[in-house]
1. For the chain, what does -39500 (n - 2.57) per DSSP helix run (n ≥ 4), summed and divided by total residues, give at 222 nm, in deg cm²/dmol to the nearest 500?
2. At A29 and D120, where each label point lies 7 Å from the Cα along Cα→Cβ, what is the point-to-point distance in nanometres?
3. Which order results if M88, M30, M4 are arranged by neighbouring Cβ count within 10 Å, fewest first?
4. What are the residues whose amide H is under 5 Å from the amide H of T115, where those residues sit 5 or more places off or on another chain and H is modelled from the backbone?
5. How many nm separate the modelled label positions at Q135 and F40, each set 7 Å beyond the Cα in the direction of the Cβ?
6. If r is the Cβ-Cβ distance from I93 to M1 and R0 is 35 Å, what FRET efficiency results, to the nearest 0.05?
7. Of the listed values (i) 10, 30, 24, 17, 14, 5, 0; (ii) 10, 33, 37, 19, 1; (iii) 12, 42, 33, 12, 1, grab the one calculated as P(r) over Cα pairs in 10 Å bins from 0, in percent from the structure here.
Amino acid sequence: MSTMEWWSQPEQRDAWEYARKDPKDPKYAMEKFVEWVKSFEGKPVFLGWPVAFDFTFVYWYIINFLGDKTSPFGRMGFSAVDVGSFAMAELKITREGVGKKTMPQEWFADKFPHTHKALDDAREQGHVFCNMLAQNRGSPK
């Protein structure tokens, strides 16, 4: 299935309309994104699920619109974590076995639904990762 075929499915209509609402110039959007990332203390770590796709997408936009020395995630030795790979290690299962149905439901929260709206999905993934990390460190969620 092509990307546009996927977006044309009725269950994706809300996410498509949301993605097309109030579009920003990509250069401006990447400037604001990099500024936001750099506003935090410490070395930034890109979190994605799947990180190979998400990081490549974001990194391409940064480099394409801002130049190759602009990425807050570095030019070499990128700092990124894949949520699915972390789950694989935490649950001691194969990568193929990682999915929402095999992950503990307490890692998820209803307040962060998976809507295919980028910001909603990023919040959900961040929440899941924080819960995984807390479990890994033996601290309460």
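Only the coordinates and a few stated rules stand behind these numbers; no lab work does. Keep in mind that this is a model prediction, so the values were computed, not measured. Neighbour counts run over all protein chains shown; Cβ positions are idealised from the backbone, glycine included.
1. Roughly -15500 deg cm²/dmol at 222 nm, from the helical runs in the chain.
2. 1.8 nm
3. Numbers: M88 17, M30 20, M4 8.
Ranked by crowding around the Cβ, least crowded first: M4, M88, M30.
4. Amide H neighbours of T115: D121.
5. 2.1 nm
6. Numbers: r = 27 Å, r/R0 = 0.77.
With a Förster radius of 35 Å, E is 0.80.
7. (ii)
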